[in-house]
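Each remark here refers to the structure printed beneath this line.
The values are calculated or read from the model by the stated rules, or taken from the named source; none is laboratory data. Source: prediction; values computed, not measured. In this analysis, Cβ positions are derived from the backbone assuming ideal geometry, glycine residues included, and neighbour counts consider all displayed protein chains.
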Amino acid sequence: MAPTLPAISARHGACCVSVWCAYCQAWHTHGLAGRQPAPGESLGHYAAHCHRPDSPYQDGYELQYVGAYTPGVRTAPRCTATTKAGAPCPRAPMHGQTLCYGHHPAWRWRRKGYRHPEDYAIDCWVAGIERRIRARRRHSA
């Protein structure tokens, strides 16, 4: 079953709706074919415009109209951390998180080429055990 995403009226007119894609961090716009939906109305199945190969939206999604566009609604989510200068971080957060890659505590796993933070954590745990074993061997010799 396709996921259901909330849609708002597009900024440029009532002929379209916009939906936020958490995977490619962008707004996607879909046409309404002249319909004027009511808030809460299901708009049906739409093909996804997401270009990410790991997106679960490859088979499309259902849209549910939640209301008209208002300034401030159609803004991309931002990282909740602050920069070293004290300003809000302008980057988009990682999917399902509130922090971007640079501020997330597990950012090292991505830079080291791991696909999942759990893989990085396991390798770090194993490396720590190997270091302790080498240290014990040096001390016992």
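Residue count for the range 57-78 under the criterion of being part of a loop (DSSP other than H, G, I, E, B) and either at pLDDT 75 or above or in contact with an Asp or Glu (Cβ under 9 Å, 6 or more places away or on another chain) (or both): the result is 2. Strands (runs of 3 or more DSSP E) fully within the range 1-52 that include at least 3 residues being closer than 11 Å to Y65 by Cα: 4-9, 16-21, 42-46.
Take the conditions (1) at pLDDT 80 or above; (2) exposed (fewer than 14 other Cβ atoms within 10 Å of the Cβ); C124 misses just one of them, which is (1).
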